[in-house]
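Let me begin by presenting the structure, written as structure tokens, before commenting on it.
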Amino acid sequence: MAEFKLKIRRYDPQSGAAPYWDEHTVELEPHRSVLEGILQARNEKDGSIGVRCSCRAAICGSCGVRVNGKPGLACHTHLDDALASAGEDGVIEVEPMGNMPIIKDLIVDMDAVHWKKIQRVTPWLIGKEPVPEREYIVSRESMIDVTQSMACIQCGACVSDCLSMEVDPLFIGPAALAKTYRFVGDPRDAAHEQRLKDLGEDKHGIYDCTHCFKCIEACPKGVAPMNQIMRLRRIAGNDFHIKDRNNGERHEMAFVKNIEKNGILHEADLLPDSYGGKFHPRAVPELISSLPIVMTALLRRKMTPAKALLHPHRAPDGVKKIYEIVEGRDERNEFNLYISGTDADNEPNPEVAAAAEVAEPAAVAPDGSEGSSA
Amino acid sequence: MPAHDVLIIGAGLAGQRAALAAAKTGATVAILSKVHPVRSHSVAAAGGINAAINPVDDWRSHAYDTIKGSDFLGDQDAIEIMCREAPAEVMWLEHAGVTFHRNEKGEMDLRAFGGASMKRTAYVADITGQALLHVLYEQLMKYHEVIDRFEEWFVTSLIVNDNGECVGAVAREIRSGRMETFNAKSVILASGGAGQCFQPTTNALICTGDGIAQAYQAGAPLMDMEMIQYHPTTLAENGFLITEGARGEGAHLLNSEGERFMEKYAPNKMELASRDVVSRAEQTEILEGRGVGPDKQGIYLDITVVPRKRTLEALREIVNIGKDFAGVDITREPIIIQPGMHYIMGGVKTDVNGATPLPGLYAAGEVACVSVHGGNRLGANSLLDTLIFGRRSGEHAAARALDMKMPNASDEQLNKDSAMIAEILGRPKTGRRVSEIKLELGETMNRYAAVYRDEAGLQSAHEIVRRLKEEAKTAYVDDKGAVFNQDVLGAIELDYMLDCSETIVMASLERKESRGAQFRTDYPDRNDAEWLKHIDVSRNGGDTPTISYSEVTITDWQPEARTY
Ligand SMILES: Cc1cc2nc3c(=O)[nH]c(=O)nc-3n(C[C@H](O)[C@H](O)[C@H](O)COP(=O)(O)OP(=O)(O)OC[C@H]3O[C@@H](n4cnc5c(N)ncnc54)[C@H](O)[C@@H]3O)c2cc1C
Ligand code: SF4
Ligand code: SF4
Ligand code: FES
């Protein structure tokens, strides 16, 4: 057992008073959740603390809040972790989520923002005709793939701190666009093109995201909304030739071509290839997760983005081989993030592993020195 | 006053399925839920849903497994309907958009589940309930013009008119505190289970038995209330569920000696025997000193025997639960579990169309008792139950409504409920806290109405519950406001839980035999001669529960000894 100090942002709309901080000390084991802390305060001291919650297990999506300024689920944030990110006074701050009006204490109006945006993206399957008598026959991978966006629990944490939404409240936003991928990635859906046209032409749609990564950081379920948005853009551009309002597709192709040419990322080339202004080294993880799976297999073998950025190489044969394999495929393989985050032990595809084997010696700079001399 | 042909209380799987079915007939529909529909507890269901869709499977085999699982207390006519209609229902879900896991051929994949004679559980990783619930909600959004949704509305009572018909419900809009009478020709209760009567439980904080208590207060009988399922694998740490899918994928149960002890109790089915059988085996190991963990109250669940890739793909949610809530990587080391309260087989008594004996009132899902689960529910049969009987009650409630005029509903019940809330808000700070009473109730039920029961224990539980009922009358609340006053709703839920608990304890005392989930150490055998019958509990207009019996419907399958 340990003591934790919680500072909860309170607001009572009936009182006419401004929001204020309310401090409680709770006693719990350190790996218990912030939600349990709030509930202890509510059960034992002040029953009027307002917080939505139900499952306590990060599955119902009720308890989205900000802990020390970061959005997430109260039931999915350990007290010790929260303490570690607290300010010098060691007090854990719990506030309502952002980008949505506050109803009371930690409770925000999700209908006014989040659910309205979900409703905007035609959030139901438009099944291909004819509807089969039994199940639609679709590939195993495709269903596992959409399961990543299906894993969204609609908690709103990603909406809370979306940078674009702060600037443009009409931006359809991370959760609703991740939901869109759930249909666009679903081979049973008959309206991929209409959906992408609709959300590509809407100026608050798929091209309104600024790659700020906040939604990926916030999401407790690994949905990685920004990645889903990037996949929507890729499909829109590659498969349906929908024009990117913000040049993002060219930017991404610049990454791919750059690596094809250099073996690893060469920043100096990238900037002119793409366009200035929006590039940021933090965009590298996006590259890692959005390139086809063979690329990631290669990159994951020891190469860090920093090394990659600092030490350009000429593309070794292995990398070229990988491009040949990938580009020679009839079907594009979307990197399946639902499983890949933890698939360290999966047997590698032999074809790909062989290529990566060839690529490895040249692509990896063991200590950085080799890179600078190249 | 809003008026609809069909009013549905609860927006979990049963309620949403009922709404879609009723709307399809052209009826006007309203659906109310005290939380946003996707927060409903159905979202937590992990493992999957049963249906004999494999061409070499047969619904009769599913029916037999269900009947045997129920320890022959399930009504076989209802079980036949459920199992026969299951494949079409699962295909309907697939067409609506559920992303069921596929096999290599692109067909729906099936996994093994406890008590089943073959693989027949369809699933979406281990977020099946979430996937189903969110897809149904997609359909509610699609049909938003014909289904009126009232989200975050808390129902406080059913309305029964002078003819003894249910004609609507009273509800409070949580965000404003406004009370409203909802008038309807037919009312469907789909408000879920009552797991919070027990502490710990796998059930969410909202599972407080509201509908069971409301129906009971309105005069409808409850059935099989003694049948409480303890799930064999709940985290010793905090009661969270580790899905049966884990054992379906091949995980082992081990005692402190490292023995796979299920060999002794169910040599054929091993870890995949019925839940009551496995939970009892674990409890016996623990009682005989072969438990594990700091206080020897746990059992090891060893998932490391499942290939890691498969675990990560098909059991991802429990990998996370292990990591986030117990600090264990289940792919590398065993995790400590114990039997924990999980499901209530009993509920509001209905026929196979969801109709209760109270005219105009239907019930479906965990709140209802058809009874397809009898003494023990098979894993992955509950989602099926919610959908089949949700749909059937939606259709039948709508058909009933088509033939009638809108009955009158007065604001009499609304006035009573408003007065009740005012009374709660006005209570002086001299009573006990609601949370304190709730905790004592939960611990009491978990001690005396658990895996093993006896007369003396149940008697003490009964006394404690009755005392708590008195204390609840003066339990005070801190929040006096109208906006999102969760405190006052907590006090109302406490009353519901106490009603449910009282009927659970009374029915457990009444059944003087051991069958399914009810194991009486003082009556350790099943006694078909005297007890092959349902126990019904109702108030019959009075204040105290009265007990009666009803027949178990037997079609093709005669009771036999139950071994796994
Ligand atoms: C952790 C867990 C895992 C499970 N896994 C499986 C599984 O793999 N397979 C399986 O078949 N079953 C499983 N079950 C059981 C199954 O999930 C439930 O029995 C089933 O989902 C119940 O659905 P329901 O629609 O009846 O109720 P719920 O989903 O609980 O919905 C109840 C609804 O009623 C509303 N409500 C309640 N009271 C009020 C009120 N006073 N006013 C207004 N609205 C109200 C709620 O807001 C909610 O919308 C699991 C259960 C748990 C706890
Ligand atoms: S990456 Fe895009 S969608 Fe995600 S938070 Fe930033 S701007 Fe919003
Ligand atoms: S994408 Fe993640 S953060 Fe956003 S609503 Fe869904 S689960 Fe929550
Ligand atoms: S309480 Fe359900 S997600 Fe936190």
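A Cβ distance below 7 Å, combined with a sequence gap of six or more or placement on separate chains, defines the contacts here; from region B:197-215, residues that are within 14 Å of chain A (Cβ to nearest Cβ) reach residues that are open to solvent by less than 10 Å² (accessible area, probe 1.4 Å) and within 16 Å of ligand 3 (Cβ to nearest atom) in the pairs B:Ala204/A:Ser54; B:Ala204/A:Cys60; B:Leu205/A:Ser54; B:Ile206/A:Ser54.
Within region B:97-133, the residues that satisfy the criterion of being out of contact with any Asp or Glu (no Cβ under 7 Å at 6 or more places or on another chain), open to solvent by 10 Å² or more (accessible area, probe 1.4 Å) and within 14 Å of another protein chain (Cβ to nearest Cβ) are B:Glu104, B:Lys105, B:Asp109, B:Leu110.
Quick check on region B:43-55: of everything there that is touching a residue at least 40 places away in the same chain (Cβ under 8 Å) and out of contact with any Lys or Arg (no Cβ under 9 Å at 6 or more places or on another chain), which residue is farthest from B:Asn203 (Cα to Cα)? Outline the logic, then answer.
Taking region B:43-55 as the starting set, the residues that turn out to be touching a residue at least 40 places away in the same chain (Cβ under 8 Å) are B:43-54.
With out of contact with any Lys or Arg (no Cβ under 9 Å at 6 or more places or on another chain) added as a condition, the list becomes B:43-46, B:49.
Working: B:Val43: 11, B:Ala44: 9, B:Ala45: 10, B:Ala46: 13, B:Ile49: 18 Å.
Only one residue fits best here, namely B:Ile49.
Say whether the condition of being in contact with a Pro (Cβ under 6 Å, 6 or more places away or on another chain) and assigned to a helix (DSSP H, G or I) is met by at least one residue in region B:462-480. No, the conditions are met nowhere in region B:462-480.
Right, B:Gly239: assigned to a loop (DSSP other than H, G, I, E, B) and open to solvent by 30 Å² or more (accessible area, probe 1.4 Å) or not? The answer is no for B:Gly239.
When A:Ile103 is tested against (1) touching a residue at least 24 places away in the same chain (Cβ under 8 Å); (2) within 14 Å of chain B (Cβ to nearest Cβ); (3) surrounded by fewer than 24 Cβ atoms within 10 Å (Cβ to Cβ); (4) not in a strand (DSSP E or B), just one condition goes unmet, and that condition is (4).
Can you work out which of the residues in region B:162-196 that are within 14 Å of chain A (Cβ to nearest Cβ) and farther than 30 Å from B:Leu241 by Cβ is nearest to ligand 4 (Cβ to nearest atom)? By that ranking, first place goes to B:Arg175. A count restricted to region B:417-434 and to residues that are surrounded by 13 or more Cβ atoms within 10 Å (Cβ to Cβ) and either away from chain A (no Cβ under 14 Å) or assigned to a helix (DSSP H, G or I) (or both) stands at 7.
Can you say whether B:Gly177 is assigned to a loop (DSSP other than H, G, I, E, B), surrounded by 23 or more Cβ atoms within 10 Å (Cβ to Cβ) and touching a residue at least 60 places away in the same chain (Cβ under 8 Å), as far as the supplied structure shows? I'd like the intermediate steps shown before the answer.
Numbers: assigned to a loop (DSSP other than H, G, I, E, B): yes; surrounded by 23 or more Cβ atoms within 10 Å (Cβ to Cβ): no; touching a residue at least 60 places away in the same chain (Cβ under 8 Å): yes.
Against the criterion (assigned to a loop (DSSP other than H, G, I, E, B), surrounded by 23 or more Cβ atoms within 10 Å (Cβ to Cβ) and touching a residue at least 60 places away in the same chain (Cβ under 8 Å)), B:Gly177 does not qualify.
Annotation note: of A:Gly47, A:Gly37, the sole residue that is at the interface with chain B (Cβ under 10 Å from one of its Cβ atoms) and closer than 24 Å to B:Ala491 by Cα is A:Gly47.
In region A:206-222, what count of residues is obtained for those that are within 14 Å of chain B (Cβ to nearest Cβ) and either surrounded by fewer than 19 Cβ atoms within 10 Å (Cβ to Cβ) or within 16 Å of ligand 1 (Cβ to nearest atom) (or both)?
1
Among the residues here, B:Phe154 does not qualify as assigned to a strand (DSSP E or B) and more than 20 Å from the chain's Cα centre (by Cα). Just one of the listed residues (A:Lys203, A:Lys197, A:Lys243) is assigned to a helix (DSSP H, G or I), open to solvent by 40 Å² or more (accessible area, probe 1.4 Å) and either within 16 Å of ligand 4 (Cβ to nearest atom) or farther than 25 Å from B:Arg316 by Cα (or both), and it is A:Lys197. Provide a single number: the residues in region B:315-341 that are within 14 Å of chain A (Cβ to nearest Cβ) and out of contact with any Gly (no Cβ under 7 Å at 6 or more places or on another chain). The qualifying residues number 14.
I'd like to verify a number: residues in region B:259-271 that are assigned to a helix (DSSP H, G or I) and surrounded by fewer than 21 Cβ atoms within 10 Å (Cβ to Cβ), how many? Before you say what the answer is, go through the steps one by one.
Here is the first cut: in region B:259-271, the residues assigned to a helix (DSSP H, G or I) are B:262-265, B:270-271.
Now drop any that are not surrounded by fewer than 21 Cβ atoms within 10 Å (Cβ to Cβ), which leaves B:263-265, B:270.
Residues flagged as assigned to a helix (DSSP H, G or I) and surrounded by fewer than 21 Cβ atoms within 10 Å (Cβ to Cβ) within region B:259-271 amount to 4.
Reported count of residues in region A:126-166, each being in contact (Cβ under 8 Å) with a residue 40 or more places away in the chain and either open to solvent by 40 Å² or more (accessible area, probe 1.4 Å) or assigned by TED's automatic domain parsing to the domain that holds A:Arg66 (or both), is 7.
Hey, any hits in region A:206-219 for a residue that's touching a residue at least 40 places away in the same chain (Cβ under 8 Å), touching a His at 6+ places or on another chain (Cβ under 9 Å), within 13 Å of ligand 3 (Cβ to nearest atom) and assigned to a helix (DSSP H, G or I)? The answer is no; no qualifying residue exists. Criterion first (modelled with pLDDT under 95, under 21 Å from the mean Cα position of the chain (by Cα) and within 26 Å of A:Ile118 (Cβ to Cβ)) does B:Ala46 satisfy it? Yes; evaluated as a whole, the condition is true for this residue. Regarding region A:45-57, can at least one residue be identified that is out of contact with any helix residue (DSSP H, G or I) (no Cβ under 7 Å at 6 or more places or on another chain), open to solvent by 20 Å² or more (accessible area, probe 1.4 Å) and part of a helix (DSSP H, G or I)? Checked against the condition, which is being out of contact with any helix residue (DSSP H, G or I) (no Cβ under 7 Å at 6 or more places or on another chain), open to solvent by 20 Å² or more (accessible area, probe 1.4 Å) and part of a helix (DSSP H, G or I), region A:45-57 yields no hits at all. In this structure, B:Ala52 does not satisfy being within 16 Å of ligand 3 (Cβ to nearest atom), within 14 Å of chain A (Cβ to nearest Cβ) and over 17 Å from B:Lys142 (Cβ atoms).
The values are calculated or read from the model by the stated rules, or taken from the named source; none is laboratory data. Because the structure is predicted, anything quoted here is derived from the model rather than measured. Using ideal geometry, Cβ is built from the backbone for each residue, glycine included, and neighbour counts are taken over all protein chains shown. These area figures cover heavy atoms from the full protein model, side chains too; ligands, DNA and RNA do not enter into them. Shrake-Rupley method; radii C 1.70, N 1.55, O 1.52, S 1.80 Å.
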